[in-house]
1. Residue pairs, Cβ under 9 Å, 6 or more apart or interchain, first in the stretch 165-191 and closer than 17 Å to L112 by Cα and without any contact (Cβ under 8 Å) to a residue 40 or more places away in the chain, second of a type in the set (F, W, Y) and surrounded by fewer than 21 Cβ atoms within 10 Å (Cβ to Cβ). List them.
2. Any idea which of (1) within 29 Å of E47 (Cα to Cα); (2) acidic (D, E); (3) surrounded by fewer than 21 Cβ atoms within 10 Å (Cβ to Cβ) is the one D164 doesn't satisfy?
3. Being among the basic types (K, R), out of contact with any Leu (no Cβ under 7 Å at 6 or more places or on another chain), assigned to a helix (DSSP H, G or I) and on the phi < 0 side of the Ramachandran plot narrows it down to one residue among K200, K184; which is it?
4. When residues of the stretch 92-131 are filtered for being charged (D, E, K, R), more than 26 Å from A38 (Cα to Cα) and assigned to a loop (DSSP other than H, G, I, E, B), how many remain?
5. Please state which one of A96, A71, A66, A50 is surrounded by 15 or more Cβ atoms within 10 Å (Cβ to Cβ), under 20 Å from I142 (Cβ atoms) and small (G, A, S).
6. Out of G31, G99, G41, G88, I need the residue that is among the small types (G, A, S), at pLDDT 95 or above and more than 26 Å from G149 (Cβ to Cβ). Which one?
7. Scan (1) modelled with pLDDT of 95 or more; (2) buried (at least 16 other Cβ atoms within 10 Å of the Cβ); (3) more than 18 Å from S91 (Cα to Cα) for the single condition L206 breaks and write down its number.
8. Could you please find all residues in the stretch 135-149 being closer than 24 Å to A86 by Cβ and crowded, with 17+ Cβ neighbours inside 10 Å?
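The values are calculated or read from the model by the stated rules, or taken from the named source; none is laboratory data. Note that the structure is a prediction, hence the values are computed from the model and not measured. Using ideal geometry, Cβ is built from the backbone for each residue, glycine included, and neighbour counts are taken over all protein chains shown.
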Amino acid sequence: MASLTRLERIVMASNNPGKLREFGALLAPLGIEVLSQAQLGISEAEEPHATFVENALAKARHAARASGLPALADDSGICVDVLGGAPGVHSARYAALAGGPRDDEANNARLLEQLRDLPNRRAHYACVLVLVRSADDPQPLIAEGNWVGEVIAERRGDGGFGYDPYFLLPELGQTAAQLTAEHKNRISHRGQAMRELVAKLGSAGLV
């Protein structure tokens, strides 16, 4: 990879307050100032692609181009085996694609309806992180994580966001929404991807 200078400020290519909280906590130990794209008046990027990595790259390049800063983006979602990996990249707008509102409650309701009477509820959360030092960075840093669990029919817990109250971790007997923020950040798909990214940042001399 080309020689890079240490990262001091980056823009986070997301307007999702839950993601911003989690990434702020995960990045704080690195001493990097994290700005949200909303703080800089940057609009959300289009996410037309079929894969997490393509969407994350599009968002990172968009934020870097608009801000002139290095940018970090993630694309993540829940993938249910019996649904062929859906909602997948459409997780945040799953209900909206069927004519409903774009919010967590509606997304969860649609997913539970599709899984009604289906015994196999194995699923995983997927996260792909992309960091670009500039909009045209030819060698973006890419990291990913997967968090395996299953979808349950009854809501449990008030933490987290998205599908967390219905995402059960059988080995813990808890949903993602029942974990403390610190515990979730240690073991989640986003935490896994961030650890991989931090290792790559270290290897590149960026932190």
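1. A177/F161
2. Of everything listed in (1) within 29 Å of E47 (Cα to Cα); (2) acidic (D, E); (3) surrounded by fewer than 21 Cβ atoms within 10 Å (Cβ to Cβ), D164 misses just condition (3).
3. On the way: K200 fails: out of contact with any Leu (no Cβ under 7 Å at 6 or more places or on another chain).
Step by step, each of K200, K184 is checked, and only K184 is among the basic types (K, R), out of contact with any Leu (no Cβ under 7 Å at 6 or more places or on another chain), assigned to a helix (DSSP H, G or I) and on the phi < 0 side of the Ramachandran plot.
4. Number of matching residues: 3.
5. From the options A96, A71, A66, A50, the qualifying one is A71.
6. Of the residues listed, the single one that is among the small types (G, A, S), at pLDDT 95 or above and more than 26 Å from G149 (Cβ to Cβ) is G99.
7. Unmet condition: (1).
8. Of the residues in the stretch 135-149, the ones closer than 24 Å to A86 by Cβ are 142-149.
I142, A143, E144, G145, W147, G149, listed by residue number.
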